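Take a look at the structure set out below.
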Amino acid sequence: MSKHVYIKTFGCQMNERDSEIIEQLLSQAGYISVAEQEDADLVILNTCSIRAKAEQKVFSLLGLLRKQKEKKPELRIAVAGCVAQQEGKQIFKRMPHVDIVVGTQQIYQLPDMLLRLDRNETRKEVSCDLEKSFTIPPFQKLLTAEKGRPPSPAAPEFRKFVTIMQGCNNFCSYCVVPATRGREISRPVSDILEEVTLLANKGVKEITLLGQNVNSYGCTNSVADQQTGFADLLQMVARIPGVERLRFTSSNPQDLSTELMQCFAELDNLCPHFHLPVQSGSNAVLKRMQRKYTRELYLEKVDILRSFCPEIVISTDMIIGFPGESELDFEQTMDLLETVRFHGSFSFKYSDRPNTRSANFTDKVEDKVKGERLQRFQKRQDQISLQRNRDYIGQTVEVMVESLKPDSVQSRTGSNHIVHFMTSPVHRFTPGDIAMVTIIHAGKHSLNGDLAA
Ligand code: 5AD
Ligand code: SF4
């Protein structure tokens with residue numbers, strides 16, 4: 001009888017992609033994915049440790065799972081992802097109900113580990129050495145898994161992530177990623193092009209190139225000898241027939257080349273949306289964050305981007321209340337928000353993370369102050385987002401259908417705005433279809449429209 005697996009994913013797109021790979025590997029090993037945790041014989045938590053809150057969520061869920069396992073002792077529990085990589089040993093020590101801890105670069109070993117547990121090997125015997133787990137990532141396996149992926153007629157996939165690099169060499173002083181994902185390494189160009197071609201031939205219309213720091217693709221520790229930078233790669237992928245929409249994430253301002261920015265003027269299928277995390281508007285804070293750019297350089301990049309592509313939508317990430325952030329530093333952040341007028345942003349209270357430099361900084365900002373500043377920032381951002389979204393009222397935009405509700409459709413513009421439109425019957429649309437919609441209403445997080453005649 002087949003076993004049922006439930007995978008819960010926390011965190012970033014890197015993790016979403018890893019969960020897809022895990023699902024694929026397990027389906028080849030005879031597991032069936034289920035949508036409800038209660039129906040599962042195996043629960044996998046693919047975890048994130050970027051902020052303290054993200055990690056707390058994982059531990060509270062592990063607490064609930066302990067109770068479930070008391071009722072259903074045959075339930076298997078696996079912890080993967082960044083918390084597993086970082087806290088794996090502690091999890092094993094403190095949580096006897098966890099059967100498997102699998103590091104960020106060990107997911108390919110998961111089917112084998114499960115098989116060995118089935119053969120009554122102990123969890124200690126099957127677990128890998130997390131500290132020794134950083135090897136050259138098995139990029140080749142990504143391609144093999146993709147080739148072996150059975151078509152899923154129920155939900156045709158219209159968009160996919162394609163990994164182009166792993167790890168990070170930036171060592172921002174607040175960030176766990178270099179510790180949880182290892183050093184930066186770029187995947188060979190030929191593999192990437194082959195995977196995108198394969199996907200496009202299967203009907204995938206939107207591709208997102210994925211890496212912690214895509215702008216430095218090919219610059220560091222490449223598994224193939226290559227002279228291809230990210231802008232060159234983007235141009236090659238954009239030319240693959242069937243790729244209707246092309247996106248990428250994440251970017252770092254210091255590595256953002258003019259060639260890359262120029263791509264927004266040249267490539268029709270490159271979506272006019274740039275997520276460019278800035279983290280702070282104060283040079284003093286940026287310096288202590290070990291970000292390798294200044295506020296001025298960031299603003300210059302924004303200007304160049306807008307000169308190449310006036311309609312480009314720019315969003316960002318912001319950390320509020322980094323150690324030592326003074327009221328004046330925070331004003332600089334608010335001022336940057338007014339200057340750029342980001343279309344949207346993700347903003348977070350700073351939290352200490354294990355093994356990061358800033359965790360040892362002594363001048364921590366009081367939680368209450370962090371909270372007040374975060375609220376001020378978010379309130380102003382919401383106003384700006386709403387104003388910016390209202391600019392679309394009356395415009396007819398091209399959208400790609402994402403999902404169908406009983407009497408409405410959720411879709412997305414190239415510029416990454418969510419657009420809802422009413423239609424009946426909804427079933428004349430399939431996810432991935434392109435439609436033209438005239439915007440009639442704007443909220444701060446989404447737009448509403450009518451199908452254009
Ligand atoms: N505290 C708060 N926010 C953080 N981020 C990364 N590390 C921390 C931290 N220690 C935020 C950054 C990053 C986003 C993914 O999470 O803004 O861009
Ligand atoms: Fe979270 Fe960062 Fe790990 Fe992604 S890479 S799962 S954001 S800690």
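Under the combined filter of DSSP loop state and at most 10 neighbouring Cβ atoms within 10 Å, the stretch 318-410 retains these GluC sites (Glu not before Pro): Glu366. With only Cα atoms counted, the stretch 325-453 has Rg and Dmax values of 19.8, 61 Å.
Hey, can you rank 244-250, 421-427, 213-219 by average C-beta count inside 10 Å, highest first?
Ranked by mean Cβ neighbours within 10 Å, highest first: 213-219, 244-250, 421-427.
Stretching Ser2 away from Thr220 to a fully extended chain increases their span by 74.2 nm, per 0.36 nm per residue minus the current alpha-carbon distance. Rounded to the nearest 5, the antiparallel percentage of DSSP beta bridges internal to the chain is 35%. A simple spin-label model places the labels of Gln37 and Leu297 4.3 nm from each other, with each point 7 Å out along Cα-to-Cβ.
Straight-distance candidates among the lysines for linking to Lys202, with alpha-carbon spacing under 27 Å and chain neighbours fewer than 8 residues away dropped: Lys8, Lys141, Lys147, Lys160, Lys405.
Using 1/(1 + (r/R0)^6) with R0 = 45 angstrom and r between the beta carbons of Lys147 and Lys71, what's the FRET efficiency to the nearest 0.05?
Details: r = 41 Å, r/R0 = 0.90.
Efficiency at R0 = 45 Å is approximately 0.65.
Could you list the square roots of 5 times each eigenvalue of the Cα gyration tensor of the stretch 162-278, that is, the equivalent ellipsoid semi-axes, sorted largest first and rounded to whole Å?
Numbers: eigenvalues 107, 53, 34 Å².
After scaling each eigenvalue by five and taking roots: 23, 16, 13 Å.
Computed on the Cα atoms alone, the convex hull of the stretch 1-130 gives a volume of 100 cubic angstrom per residue. Here r is the Cβ-Cβ distance between Leu386 and Arg306 and R0 is 25 Å; the resulting FRET efficiency, rounded to 0.05, is 0.75. Put the Cα centre of the stretch 250-268 next to the Cα centre of the stretch 44-96 and the gap is 39 Å.
Pairwise inverse Cα distances across the chain, averaged and inverted, put the Kirkwood hydrodynamic radius at 23.6 Å.
Dimensions of the stretch 408-453 based on its C-alpha atoms, expressed as ranges along the principal axes with the largest first, amount to 28, 18, 16 Å.
Under the simplified labelling scheme, the Asp433-Asn169 pair shows an inter-label distance of 4.7 nm, with each label point 7 Å from Cα along Cα→Cβ.
Taking the Cβ-Cβ separation of Gln28 and Ser326 as r and a Förster radius of 51 Å, what is the calculated FRET efficiency to the nearest 0.05? Write out the running numbers ahead of the final one.
Numbers: r = 55 Å, r/R0 = 1.07.
It comes to 0.40.
Spin-label model, Val369/Thr122: points 7 Å from Cα along the beta carbon direction are separated by 5.0 nm.
Straight Cα distances below 23 angstrom link Lys124 to the lysines Lys3, Lys67, Lys69, Lys72, Lys89, Lys93, Lys132, with same-chain residues fewer than 8 positions distant left out.
Bear in mind these aren't lab numbers, they're just calculated from the coordinates by the rules spelled out. Small disclaimer: the values here were computed from a predicted structure and weren't measured. FYI the Cβ positions are ideal-geometry reconstructions off the backbone, even for glycines, and counts take in every protein chain you see.
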